[in-house]
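Encoded as structure tokens, the structure appears first; notes follow it.
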There are 2 protein chains.
Amino acid sequence: MPLKTEFDNLAGEVIARCHKLSSFSEDAHSTRRTFLSPPMRDVHREITPWLEPLGTPVTVDAIGNLRAIYPANQSHANEPAAPRLLIGSHLDTVPNAGAYDGILGVVLAVALLQQLHGRRLPFAIEVVGFSEEEGVRFRLPFLGSRALVGRLDASTLETCDPQGISIRSAIEVFGLNPQEIPQARLTDEVFAYLEFHIEQGPLLEKLNLPLAVVDSIAGQTRLELRFLGRSNHAGTTPMDLRFDAMAGAAEWIVAVEQHAKHTPGLVATVGSVQTIPGAGNVIAGEAVLTLDVRHQNDNIRTCAVDDMIHLARQIAQRRGLLLNSIPHLNQSAVPMDSFLCGQIEAAIRRTGCAPHRMSSGAGHDAMVMAEKVPSAMIFLRTPGGVSHDPAETVLVDDVAKAIECGMHLLDQLASSPDFFRKHAEEKN
Amino acid sequence: MPLKTEFDNLAGEVIARCHKLSSFSEDAHSTRRTFLSPPMRDVHREITPWLEPLGTPVTVDAIGNLRAIYPANQSHANEPAAPRLLIGSHLDTVPNAGAYDGILGVVLAVALLQQLHGRRLPFAIEVVGFSEEEGVRFRLPFLGSRALVGRLDASTLETCDPQGISIRSAIEVFGLNPQEIPQARLTDEVFAYLEFHIEQGPLLEKLNLPLAVVDSIAGQTRLELRFLGRSNHAGTTPMDLRFDAMAGAAEWIVAVEQHAKHTPGLVATVGSVQTIPGAGNVIAGEAVLTLDVRHQNDNIRTCAVDDMIHLARQIAQRRGLLLNSIPHLNQSAVPMDSFLCGQIEAAIRRTGCAPHRMSSGAGHDAMVMAEKVPSAMIFLRTPGGVSHDPAETVLVDDVAKAIECGMHLLDQLASSPDFFRKHAEEKN
């Protein structure tokens, strides 16, 4: 292994690159880079010269994922198709985002290739920068990884953003061909998916640890709820004759918070509220809300969601409002691959740190990828637990540990032909 | 007085004209016509040929009000400046508006001139279509009438809409000159302001009466409140470590509603809520809300507002949030002119209806105009009390009664030289 200072220097470069990428934004004074927005083009343009000198040509697939294959060593390159390890994360962001969520995992994958200094392994490594994970633009998360596992059907492509633009036409406007989405699918030589990601929570900081193995990802439900009342004049409609959609919605938001607080491990969030028509002197005729519920245990989660919808119906009925609920996502908890988790644990231990196993409260592309290939994740400590915010940060020492851990892991996998050959063989 | 059928026919035309004007909108499928928006130009273009054949040339003043003077009869036309009665209302709308709020008062003013059939009175009549009353675009209501009473100062003109466009540049973009706003002011010959308006509430329907005299306008307070928390990841931040601005705001909205329900005659509305950043998987770091509070009694209103802000501070403090409150309007209750109210009462009685006196829960331009000239209002019954909604309507018989009442009122005022000469003399 190289000297610690070499990892530190590379870690500094990784952080600088994340910051550079955060400057490509739809907004003037903060980072917002939604699916196939114009700044995503700039991100691809920025990353390409980091990869190509490493012998890793860059392409963009039909859903807008950046993909770049670092070939296997010669003996295996002669095989019909060398086994291939995917390493990546996502390149899109939430509004008012930090510099690391998703991005760090892509930049770290590039750093691992740099750190190989031209050395080839018995398997190829494909860097993947997913075009869409956050679900901001179309309220449908994981579009990038869903294309890889073959779960983007024609009807999904007709989903429209708030401007009425469909996914299909967003793809065309970006200069890609939606007909070619099937070609983005994982092929049989891919034997595993690995993702570095910031924890985005307070746990590793509390434990004073730089890294963790993620052994499962919490299930999540996302819904849109619409409370429908009657818009009317704010000055002339007595309080007892109102059908105020926002007042009903507010009562429900408070109830959702109380419910989640009383269920250990449950998190529930109403992150977006819109009032229609949305004028100060008009009683809201409609309130449109998002609900995001997560738990490690699928049964606890689905029961909580049912309870919350039931509460919303009770509130609506008592107030003479109507209620619509539209499911956007219902994702079960996903276990990560046990062999990979064990290898990551060993690699962390070789960096001199205690390996910690934890569940991820956040959804990640790894949970979609796990449908098709053994997948695992490595979390980096997130100072203050702050994420989805410009104050999101990482420690340079932790990034250096992540690179070191990744290099150990690559070496361990290179010595595990049973593993990197097995997946393709099972398929054949 | 003409036959009842003549009023009925004219009432039918008034209703058709209101519908025609509602088609000029910023939105494709509903009526929204905010201050100096492009469709306001179409409204001016539509109204002009209704007025000019009556010998009433149309101008647009520097704040965008439509103004048209029907001259006094010859003997008074020779006076340096004939006394002048203003009749009008506003031409802007809320989002998703009905066809009558404001518009009806302007179209009825035109109808009264039509109904004169060229007959001149001892005073001129100026039709006014105010450019801004609702306060939607700049969250500052009554911009049109404030220009007439000289209450639009340079600093107000720097107020910006959500797109960052100031009132000053909106005026310039519309092709008007903000330097000329002082010329829009009321001159000494104006002796009174009269406004027809739909009630926008359920009272006249309940009393089975077509018209009412408005003897006062409720005071109102409008505020913007910002709850400031900390945006963070919805999946990884435990419930007890959150600073969720929207959850705090929701608790307050419920408290505001309860407070208003327990104070007789008070109405309080949170009509607009915005979450920042407003993504489903991000805890809201900021929630921006409007508050609109009204009551006939200024003391009850201001105490209620103080209580509500105090409640917001308590909630914010308990949750570790910050609170900003920004006052947008603090308008005292305004009594209408007693002589005019008596005359309207008499005119309603002459139409064969019982005159009813009431207070207006809604603010109107008449309350701004009353700062400078005797002002009064006539309410028309609003079926279902529905307003600020496409379902807003009026009964054709009630519109006919309003025209008849207006004609009686003009005749009564023409026989009241003490009144129409007095105001100008007091000024000299």
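Descriptive notes on the structure:
- Filter result for B:Ala97 (touching a residue at least 40 places away in the same chain (Cβ under 8 Å) and either under 29 Å from B:Ser169 (Cβ atoms) or away from every other protein chain (no Cβ under 14 Å) (or both)): yes
- Scan region B:189-235 for residues that are surrounded by 19 or more Cβ atoms within 10 Å (Cβ to Cβ), in a loop (DSSP other than H, G, I, E, B) and not aliphatic (A, V, I, L, M) and the total you get is 9.
- Residues of region B:47-64 satisfying the condition of being among the acidic types (Asp, Glu) and within 25 Å of the chain's Cα centre (by Cα): B:Asp61
- A single entry from A:Thr275, A:Thr290, A:Thr302, A:Thr236 fulfils the requirement of being outside the structural domain of A:Ser359 (by TED's automatic domain parsing), hydroxyl-bearing (Ser, Thr, Tyr) and without any contact (Cβ under 8 Å) to a residue 12 or more places away in the chain: A:Thr236.
- Looking at A:Leu157, A:Leu186, just one residue is at pLDDT 95 or above, more than 14 Å from every other protein chain (Cβ to nearest Cβ) and part of a helix (DSSP H, G or I), and that residue is A:Leu157.
- The residues of region A:244-266 that are in contact with a strand residue (DSSP E or B) (Cβ under 6 Å, 6 or more places away or on another chain) and either in a helix (DSSP H, G or I) or surrounded by 24 or more Cβ atoms within 10 Å (Cβ to Cβ) (or both), listed by number, are A:Asp244, A:Ala245, A:Met246, A:Gly248, A:Ala249, A:Val256, A:Ala260.
- Of the criteria (1) surrounded by fewer than 20 Cβ atoms within 10 Å (Cβ to Cβ); (2) touching a Lys or Arg at 6+ places or on another chain (Cβ under 8 Å); (3) in a helix (DSSP H, G or I), which one A:Met40 fails: (1)
- Test: residue in region B:340-350 that is within 14 Å of chain A (Cβ to nearest Cβ) and at negative phi: no
- The single condition from (1) buried (at least 19 other Cβ atoms within 10 Å of the Cβ); (2) modelled with pLDDT of 95 or more that B:Phe7 fails is (2).
- Of all residues making up region B:123-136, the number that are within 14 Å of another protein chain (Cβ to nearest Cβ) and at pLDDT 95 or above: 2
- Unmet requirement for B:Ile217, which otherwise passes all of (1) at the interface with chain A (Cβ under 10 Å from one of its Cβ atoms); (2) without any contact (Cβ under 8 Å) to a residue 24 or more places away in the chain: (2)
- Among the residues making up region B:249-269, those that are more than 7 Å from chain A (Cβ to nearest Cβ) and under 21 Å from B:Ile326 (Cβ atoms) are B:Ala249, B:Trp252, B:Ala255, B:Val256, B:His259, B:Ala268.
- Counted residues, region B:217-234 - those being within 18 Å of A:Gly235 (Cβ to Cβ) and touching a helix residue (DSSP H, G or I) at 6+ places or on another chain (Cβ under 9 Å): 6
- Of all residues assigned to region A:380-402, at least one qualifies as being in contact with a Lys or Arg (Cβ under 6 Å, 6 or more places away or on another chain) and either within 30 Å of A:Ile309 (Cβ to Cβ) or in contact (Cβ under 8 Å) with a residue 12 or more places away in the chain (or both).
- The single condition among (1) in contact with a strand residue (DSSP E or B) (Cβ under 6 Å, 6 or more places away or on another chain); (2) in a helix (DSSP H, G or I) that B:Leu311 does not satisfy is (1).
- Search result, residues across region A:7-55 that are touching a residue at least 60 places away in the same chain (Cβ under 8 Å) and over 19 Å from A:His90 (Cβ atoms): A:Phe7, A:Asp8, A:Leu10, A:Ala11, A:Gly12, A:Glu13, A:Leu54, A:Gly55
- Residue ranges of helices (runs of 4 or more DSSP H) in region B:72-153 with at least 3 members surrounded by 21 or more Cβ atoms within 10 Å (Cβ to Cβ): B:103-115, B:143-148
- A count restricted to region B:270-294 and to residues that are within 7 Å of another protein chain (Cβ to nearest Cβ), over 16 Å from B:Pro327 (Cβ atoms) and part of a strand (DSSP E or B) stands at 4.
- Close contacts from region A:243-270, counting a first residue that is touching a residue at least 12 places away in the same chain (Cβ under 8 Å) and polar (S, T, N, Q) and a second that is in a strand (DSSP E or B) and crowded, with 22+ Cβ neighbours inside 10 Å, with Cβ to Cβ under 6 Å and a gap of 6+ residues or different chains, come to A:Thr269/A:Asp292; A:Thr269/B:Ile283.
- Among (1) more than 14 Å from chain A (Cβ to nearest Cβ); (2) among the β-branched types (Val, Ile, Thr); (3) surrounded by 21 or more Cβ atoms within 10 Å (Cβ to Cβ) - the single one B:Thr382 does not satisfy: (1)
- Test: B:His388 is at positive phi, crowded, with 22+ Cβ neighbours inside 10 Å, within 14 Å of chain A (Cβ to nearest Cβ) and not basic (Lys, Arg): yes
- A single entry from A:Ser30, A:Ser22 fulfils the requirement of being in contact with a Pro (Cβ under 7 Å, 6 or more places away or on another chain) and assigned by TED's automatic domain parsing to the domain that holds A:Ala362: A:Ser30.
- Looking only at region A:186-208, and only at residues there that are β-branched (Val, Ile, Thr) and in contact with an Asp or Glu (Cβ under 8 Å, 6 or more places away or on another chain), the one that is nearest to B:Ser231 (Cα to Cα): A:Ile198
The values are calculated or read from the model by the stated rules, or taken from the named source; none is laboratory data. These numbers were taken from a predicted model, which means no experiment stands behind them. Please note: Cβ atoms are built from the backbone with ideal geometry, for glycine as well, and neighbour counts cover all protein chains shown.
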